[in-house]
Structure formats: structure tokens, C-alpha cells
1. Using the Kirkwood radius built from alpha carbon pairs, what does the Stokes-Einstein equation give as D for the stretch 92-221 at 4 °C and 1.567 mPa s, in µm² per second?
2. Provide, as a two-decimal number, the C-alpha radius of gyration of the stretch 64-117 over 2.2 N^0.38 Å, N being how many residues it has.
3. Could you point to the residue in Ala115, Val195, Leu17 farthest towards the positive end of the stretch 13-218's charge dipole, with +1 and -1 charges on the Cβ of Lys/Arg and Asp/Glu respectively?
4. Quote to one decimal, in nm, the extra length available between Ala220 and Thr158 on full extension: 0.36 nm per residue of separation minus the C-alpha distance between them.
5. In the chain, with Lys and Arg counted as +1 and Asp and Glu as -1 at Cβ, which of these residues, Pro130, Ala54, Leu85, has the Cα nearest the positive end of the dipole, that is, farthest along it?
6. Give the shape of the chain as rounded, prolate or oblate, defined through the alpha-carbon gyration tensor: a ≥ b ≥ c are the square roots of its eigenvalues, a/c under 1.5 means rounded, and otherwise the shape is prolate if a/b is larger than b/c and oblate if not.
7. Please give, to one decimal in nm, the separation of the simple spin-label points placed at Phe82 and Ser12, each 7 Å out from Cα toward the Cβ.
8. ³J(HN,Hα) across the stretch 92-107 via Karplus (A = 6.51, B = -1.76, C = 1.60, θ = phi - 60°), whole Hz, x for Gly/Pro?
Amino acid sequence: MRLLLSSLFLKSPFEDLQRHADKAKECAQLFREAAICHVEEKYNDFAALTDRVAKLESEADAIKRNIRNHLPREILMPVDKFQFLQYLGEQDKVVDQVEAALYWLSFRPRGFPKAVAPDFLHLVESVVPPIEKLAELVRMAREFFRSKSGDQRKKMKTLIQDIRQHEKEADLLEQELKGMVFRSIQDALVVFHTVHLVEIVGDIADHAQNASDRMRAMIAK
């Protein structure tokens, strides 16, 4: 069966990928606000922000499913489709982990350990920039795949290196915070809850880096 030439130039899935990245960026900003509210014992505000993140996660998940379910085999793409879907999967895990962190935090609705609260907020702050940079990375990718500009490729590589550096910094903060939890908290249940929370937050930066690595593979010569 002959394909119509017009079927090879359908709407670019990068447009929806951008929408998905923007949802992730919005989640990151709400995550920062929600964590601060919880530490400051503004629990009603925390609950409202958590609900907003859940709504954004649902919207991002719908975009992800739409991309996966409507990616026809015959569409012309400037990248390998498998790599594209790998990138989408890692970017989606960023949103999932933000939601997971807030839900896990909500399991102890009163009294975040004050001894480690400032360092916890520092960790949260460290994972926000790599998420925000993913939205910029997708914007740059859309331009690059239109122009194939060498300068644009260099800018993207620099941004990818920035994301990797943010992940390294978040990883160091995660390890330091775990040690601080064990040294400063006596209650075993609080230790378990806090350490697992720290691991979930650290995973956010890991998935952001994984996504940027997939993008690096897509723009490789």
C-alpha cells in the first residue's frame, strides 16, 4: 500500500514533548513551594500544592500517552524514535518522582525534623534547576532539528553539562543529608521516613540527568 507523501510530515511530536517538559517545570516550582510550606507547618497550603502537582502529573501523563499512542511508523523524524521515547520516559519519571516525594512527605503531616529541615530544603532547591533546564533543552532541540546549527548543538551540550553538574551536586547533598539524619535523629521511624524521602528527592535529579543523556545521544553526530 502506497503512503501519501503528506502522511510523512505530520505534526511533530516535539511539540507535545515541549508541553510535557513545561508541565515538569511547573511541577518543580510547586514542589519547592510545597516543601517550604510543610517545613513551615503551613499544612493546608501544602495539601493544596500537592493536589496541584497531582493534577499536573495527570496532565503530563496524558500527554505522554498521547505521544506514545499517536506516533505513526511512517512519520519522518530527525531522531531515532526509540531514543525519543526513552527521553520522554525519563522526563516523565521526573514528574512522577516529584509527586511521589510530596505524597511520601504527607505521610507524616506534623513535625518535619527541625534538625535537618534547612538541609532538606537545600536538597529540594538543588533538584529544581535541572528540571527547569529540561524545558529549555527541549526548546533548543526543536530549533536544532530545524536548523542543524553547529552553534546550537554546542549550546545544547553546554546545557546538558549543566544538568549533569546539578545532579552531581544534588547527589552530594543527598549523601550528606542521610548522614546527618542518622547522627541527629533518634526515632527509628522518623529516620526511615526521612532517609527514604531524601532518596526520592535525589532520584528526581537522577532522572533529569538521564533525560539529558538521552538528548545528548539524539544530537550526536
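1. D, rounded to a whole number, is 82 µm²/s.
2. Ratio of Cα Rg to 2.2 N^0.38 Å: 1.83.
3. Leu17
4. Working: separation 62, 0.36 × 62 = 22.32 nm, distance 1.35 nm.
Fully extending the segment from Ala220 to Thr158 adds 21.0 nm.
5. Leu85
6. prolate
7. Here the answer is 2.4 nm between the modelled labels.
8. 5, 5, 4, 5, 4, 6, 4, 4, 4, 5, 5, 5, 5, 4, 6, 5
Computed from the coordinates by the stated procedures, all read-outs in this text should not be read as laboratory data. What you see is a predicted model; the values in this text were computed from it and never measured. Using ideal geometry, Cβ is built from the backbone for each residue, glycine included, and neighbour counts are taken over all protein chains shown.
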